[in-house]
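Read through the structure below, which is laid out as structure tokens, and then see the notes.
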Amino acid sequence: MIPYLSLSIWVPILAGLAVLVLHRESDAPRARWVALAGAVAGFLVTLPLFVHFDTGTSALQFVERGEWIPRFDVWYFLGVDGISVLFVILNSLMTLLVVWAGWEVIQSRVAQYMAAFLIMSGLINGAFAAMDGVLFYVFFEAMLIPMYLIIGVWGGPRRVYAAIKFFLYTLLGSLLMLVALVYLYNVTESFALHDWYRAPLSLPVQIALFVAFFLAFSVKVPMWPVHTWLPDAHVEAPTGGSVILAAITLKIGAYGFIRFILPILPDASRYLSGFVITLSLIAVIYIGFVALVQADMKKLIAYSSISHMGFVTLGFFLFSPLAVEGALAQMISHGFVSAAMFLCVGVLYDRMHSRQIADYGGVVNTMPKFAAFAVLFAMANAGLPGTSGFVGEFLVILAAVKANPWLGFAAAVTLILGAAYTLWMVKRVIFGAVAGAGVAALADLNRREFWLLATLAAAVLAMGIWPKPLVDVMHVSVVDLLALVAKSKL
Amino acid sequence: MDIKTLALVVALAPLVASVVVGLWGPRLGRAASHWLCILGVAVSFLASIVAWRDVQAGNVFNGDVYTWLASGDLSFSIGFLIDPLTVTMMLVVSFVSLMVHVYTIGYMADDPGYTRFFSYISLFTFSMLMLVMSNNFLQLFFGWEAVGLVSYLLIGFWYERPTANYASLKAFLANRVGDFGFVLGIGLVLAYAGSLDYATVFAKAPQLAGTTIAIWGDAAWSLMTVTCICLFVGAMGKSAQVPLHVWLPDSMEGPTPISALIHAATMVTAGIFMVARMSPLFELSQTALSVVTVIGATTALSMAFLGIVQNDIKRVVAYSTLSQLGYMTVALGVSAYSAAIFHLMTHAFFKALLFLAAGSVIIAMHHEQDLRRMGGLRRFMPVTWATAVVGSLALAGIPPFAGFFSKDAIIEAVHLSTVPGHGYAYVAVMAGVFITAFYSFRMLFLAFHGKPRWAEPAHDGDGHGHDDTHHGVDADHPPKESPWVVTVPLVLLAIPSVYAGWAYIEPMLFGGHFGASIVVLPQHDVLAALGREWHGVTDFLLHGVTSAPFWLALAGIAAAWYCYLANPALPERLRKLAGPVYTLLDNKYYADRFNDWFFAGGSRLVGRILSDTGDRDVIDGFFVNGTAKVVGLASALVRHLQSGYVYHYAFTMIVGVFALLTWWVGY
């Protein structure tokens, strides 16, 4: 049997190391091609995961198991279920797009830039596939480093402040998680997640562990009020960094909720669900208002991300298949849509070197192709049916109404706010008369940019028109997860 | 060809045309693009006729095309329900759309966005057809939002105009407020009926009639009332009912063909169609029906008043559309669903006609839309004039034109109704008849009759919508009749505006045309009561000309004639006399200003407070950077301990050792 999961982790990492060899300026063209080859290979090895995936079972698939640190019973233990498999594929696809997106945009330290993304891609796949607590923790923390470098080296003027804020926020958040992992090992004498799922735990212990995990994952998602690192990180990060940050890194936080918190701490999860739901709804509404008044396009999209991720945590803690599947669909869709929107801002930034909404206006006059894509992605961000953005929002709202009509009421506010902040930005940036010499001189998309956005547009539309295949993959695993949540461990 | 394939052809033909023209329009060229789109819509229209014949033969189709998403027992599908209500809508939509497609060739001839426009209106036709042909709430919502999207794109079609961009954003957001309610309604349907399929939900509805839910405190609310009011909020957004009406007048910033197609004949009637489709639910809640009646009546009357004071030819027609949508809503509220759909149909014909006639005038006037600069156009544009007269007579409800039958049926239905609020509604729709006749003939007289005011030297002023290169008409360059692509659709729309009333009233209202697609409880069935007095079209006509609405309409026309032809100085005097009332109407009841101040301004204020105070000052300023400062301070203090001097360390060690020794010895 071919170890596809190991390949999806190590192919990009090795490719990244290979690219690092070509670090001289004169080797930059070669570095790009090697990086692209690595990213393509990294993506191709994840395709069998989808093709050969058995949607009829919630058991782990493509399992690989080898001893790592026998003294502490730590295993190199990989496997995916219907939830994590989708994110491995999404991540590998996004890495490919990011390498392609940075093609001629990045001119300084090309090899290091490409290598950082490739290595991060492997580490992220590792975090999604790890079924051992220590292995997960190593991948989870290690992927901070490339992201820290990407923001700190290729970022904007306040990159150091943003990078340190990002690093400290997420590192501090995850320290308590390490304590929780060690505690669970002491209780079960195992680091295997499935052993933890079975371990009985009293409610006070569950709540203490809940707090520890919750800090780690809520910072990553990010949930209100630990979200303020994200807008700064996005604003300063280069386009590629923003794409991966929004499309993938945030998803790991949300993934932690369903891989650790819900199944290991079911009683605490049910006990504290009101608390998480409240925070999620604050994220949806409060952050929606904040997004409305942003003057910086990237900041606006960053806030929009937080608001959209509020739907994910809301969906998880409604504990119904429809809600959890909606939340997962929202995660995947947000991967496409936020990536596309950050790429769109990147396209403009590369030409005008400004992210300020006020500097633009009437872009459609000079960049009609770009405008068509931008409007499509804006509509997806506003959750228009027929785009991927609709699927998750709709399912979560339906499930929320069923749980309690007022929850649905609060969640549905996003229909208005999401449309307001997104389309108001579109109105000011895309439409109107040409705003100045800068906009008048804009050149429309080049071929690379066109196909990049077209790929994401195809994904956004395909998922919006026919989301069934995706939901079919996750359904059995979600049902199984909810069975774990429903079973008391007291 | 089976009916499912047929339905697919109806829906997909315009979509294919739209996608091809949208992607490759500039390469295909103008002629190929418009013929392709016209072909797509024509195929839809012809296939709709075939479907109609099939339904007439008694076949009702209800089936899924594909499963959109499935989660355990829940399954959401894309599928079609082809029943009498659906085919009626399919015919109206595809016919008006076809007329508008042809008309566009003439109207948009000089526009650089020509192929883009065709792609949009074909996309609209597809979306609207999907909406009406749906067999479930999900696809209904798909179509609902898709027509909203195309409306947004088309209102903002001339994207260089700030007013157009403002109007398109406003339209989308006002509709989103409606969708907010609509989604909650759909959520309640799914939560309690366990499905989004019409058939399943409607079959289950009677069992849920007695279900109550706790919405606020201990008060038990009827589930049906809450659900139907939520759904109706959606209809209020789409069909522009007070107070969500504000977007429709501004939507006139879009090109005239779409004002006719989207903002008069089809999309804005989606809310009416939806409520009629949901009749099995609405029938179960007297309260919801009452709300519908009162909102509709308020819209019908208050918007008619605004039609009087408008000077922009398109805005007169727009306010008239709002008012007529109010009539349809009132009909829904009094359970006369068939009458609402009947008025929807006749209105689609004569209102599309009036808009397209207005467009023809606008072309002839070189994009001048101010009625005060028109006048006397009858001699120069005989076809446009004649068709506009037909449209105005139909709108005013003069027999035997189509509007007379549908409007009279609504008024009679309101008269017979017992739903709470019907008394108010009756007064409103009766008063509305006079005002409708007045403003429609005011427009007709100002545009086509009297002195040609465009021949006078232009006085600079407050006119709307003239483009940058103002090359208006004058005495040396009189307006010309529009080309055939414009006048032929006018004539083709004038024909049903004349005959659709007497030809269809009997089957649609009293002949059971809608069959099982509309459900009315016996105690609400005002149309059945009306049907018992039905003795044929002639009798209805004779009864009509002897009853109040007809004389009110005639009075309205006479008043318009007196004010605008016989005594043109009078309106100015009346305006001064009515000072504050005129100001109120001229400011459209201050609804726009209130929304700008309260909702738009308020949201931005809240956003700024949360962003500056909440995020920047409290979370970042106090907690995040505060923590960093505390850590910084603490480490500054602790740093003193690591001085690097051996004697400091030695001293500390000695102190420590003494302390430990004391502790051991002492205890």
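The values are calculated or read from the model by the stated rules, or taken from the named source; none is laboratory data. Quantities reported herein were computed from a predicted structural model and do not represent experimental measurements. All Cβ positions, glycine included, derive from the backbone under ideal geometry; neighbour counts span all protein chains shown.
Details
- Checking each residue in region A:414-431 for being at the interface with chain B (Cβ under 7 Å from one of its Cβ atoms) and either in contact (Cβ under 8 Å) with a residue 12 or more places away in the chain or touching a strand residue (DSSP E or B) at 6+ places or on another chain (Cβ under 6 Å) (or both) picks out A:Leu415, A:Ala419, A:Ala420, A:Leu423, A:Trp424, A:Phe431.
Rundown of residues vs (1) within 13 Å of chain A (Cβ to nearest Cβ); (2) surrounded by 23 or more Cβ atoms within 10 Å (Cβ to Cβ); (3) over 24 Å from A:Gly389 (Cβ atoms); (4) touching a residue at least 40 places away in the same chain (Cβ under 8 Å), yes/no style:
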position	(1), (2), (3), (4)
B:Gly63	no, no, yes, yes
B:Thr86	no, yes, yes, yes
B:Ile105	no, no, yes, yes
B:Ser134	yes, yes, no, yes
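- Extreme residue, modelled with the lowest pLDDT, among residues of region B:33-66 that are in contact with a Gly (Cβ under 7 Å, 6 or more places away or on another chain) and of a type in the set (Gly, Ala, Ser): B:Gly63
- Qualifying residue in region A:235-255 (condition: in contact with a helix residue (DSSP H, G or I) (Cβ under 6 Å, 6 or more places away or on another chain), assigned to a helix (DSSP H, G or I) and under 28 Å from B:Gly601 (Cβ atoms)): yes
- Unique match (being more than 22 Å from B:Ser134 (Cβ to Cβ) and of a type outside the set (Lys, Arg)) among B:Leu196, B:Leu188, B:Leu169, B:Leu149: B:Leu169
- Per this entry, B:Gly72 is counted among residues that are touching a helix residue (DSSP H, G or I) at 6+ places or on another chain (Cβ under 7 Å) and within 14 Å of chain A (Cβ to nearest Cβ).
- Residue match in region A:200-221 (condition: touching a Lys or Arg at 6+ places or on another chain (Cβ under 9 Å) and without any contact (Cβ under 8 Å) to a residue 40 or more places away in the chain): no
- Qualifying residue in region B:212-224 (condition: closer than 30 Å to B:Val316 by Cβ and in contact (Cβ under 8 Å) with a residue 60 or more places away in the chain): no
- Any hit, region A:376-396, residues being in contact with an Asp or Glu (Cβ under 6 Å, 6 or more places away or on another chain), facing chain B (nearest Cβ under 7 Å) and outside any helix (DSSP H, G or I): yes
- Leading residue by the ranking (modelled with the highest pLDDT) among those in region A:1-45 that are outside any helix (DSSP H, G or I) and among the β-branched types (Val, Ile, Thr): A:Val45
- When each of B:Thr613, B:Thr546 is tested for being loosely packed, with under 13 Cβ neighbours inside 10 Å and either more than 14 Å from every other protein chain (Cβ to nearest Cβ) or within 30 Å of the chain's Cα centre (by Cα) (or both), the lone residue that passes is B:Thr546.
- Residues that are aromatic (Phe, Trp, Tyr) and within 14 Å of the chain's Cα centre (by Cα) were ranked within region B:147-173; the one that is nearest to the other protein chains (Cβ to nearest Cβ) is B:Phe172.
- Positions within region B:399-450 being polar (S, T, N, Q) and part of a helix (DSSP H, G or I), in sequence order: B:Ser406, B:Thr436, B:Ser440
- Selection over region B:506-535 of residues that are under 25 Å from the mean Cα position of the chain (by Cα), hydrophobic (A, V, I, L, M, F, W, C) and in a helix (DSSP H, G or I) gives a count of 2.
Let's see how each residue does on (1) among the aliphatic types (A, V, I, L, M); (2) more than 22 Å from A:Ala486 (Cβ to Cβ); (3) buried (at least 23 other Cβ atoms within 10 Å of the Cβ); (4) modelled with pLDDT under 95:
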| residue | (1), (2), (3), (4) |
| --- | --- |
| A:Ala247 | yes, yes, yes, yes |
| A:Asp267 | no, no, no, yes |
| A:Leu272 | yes, no, no, yes |
| A:Ile306 | yes, yes, yes, yes |
| A:Asp350 | no, yes, no, yes |
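- When restricted to residues that are touching a strand residue (DSSP E or B) at 6+ places or on another chain (Cβ under 8 Å) and not aromatic (Phe, Trp, Tyr), region B:191-208 contains 5.
- The residues of region B:576-596 that are under 31 Å from the mean Cα position of the chain (by Cα), more than 14 Å from B:Lys170 (Cβ to Cβ) and not aliphatic (A, V, I, L, M), listed by number, are B:Pro580, B:Tyr582, B:Thr583, B:Asp586, B:Asn587, B:Tyr589, B:Tyr590.
- For region B:186-195, a residue qualifies if it is more than 9 Å from every other protein chain (Cβ to nearest Cβ) and either crowded, with 20+ Cβ neighbours inside 10 Å or β-branched (Val, Ile, Thr) (or both), and the qualifying residues are B:Val189, B:Ala193.
- Matching residues in region A:474-490 - criterion: being in contact with a helix residue (DSSP H, G or I) (Cβ under 8 Å, 6 or more places away or on another chain) and more than 12 Å from every other protein chain (Cβ to nearest Cβ): A:Leu481, A:Leu484, A:Val485, A:Ala486, A:Lys487, A:Ser488, A:Lys489, A:Leu490
- Cβ-Cβ contacts under 6 Å between residues 6 or more apart (or on different chains), taken from a first residue in region A:450-470 that is within 12 Å of chain B (Cβ to nearest Cβ) and touching a residue at least 24 places away in the same chain (Cβ under 8 Å) to a second residue that is in a loop (DSSP other than H, G, I, E, B) and of a type outside the set (Lys, Arg), are listed as A:Gly464/A:Gly386; A:Gly464/A:Thr387.
- Test: A:Phe409 is facing chain B (nearest Cβ under 7 Å), surrounded by fewer than 24 Cβ atoms within 10 Å (Cβ to Cβ) and either at pLDDT below 95 or at positive phi (or both): yes
- Of all residues in region B:237-249, none satisfies being crowded, with 24+ Cβ neighbours inside 10 Å, in contact (Cβ under 8 Å) with a residue 12 or more places away in the chain, outside any helix (DSSP H, G or I) and within 14 Å of chain A (Cβ to nearest Cβ).
- If only residues of region A:65-103 that are surrounded by fewer than 20 Cβ atoms within 10 Å (Cβ to Cβ) and under 25 Å from the mean Cα position of the chain (by Cα) are counted, the one that is modelled with the lowest pLDDT is A:Trp103.
- Qualifying residue in region A:213-226 (condition: surrounded by fewer than 23 Cβ atoms within 10 Å (Cβ to Cβ) and closer than 23 Å to A:Cys344 by Cα): no
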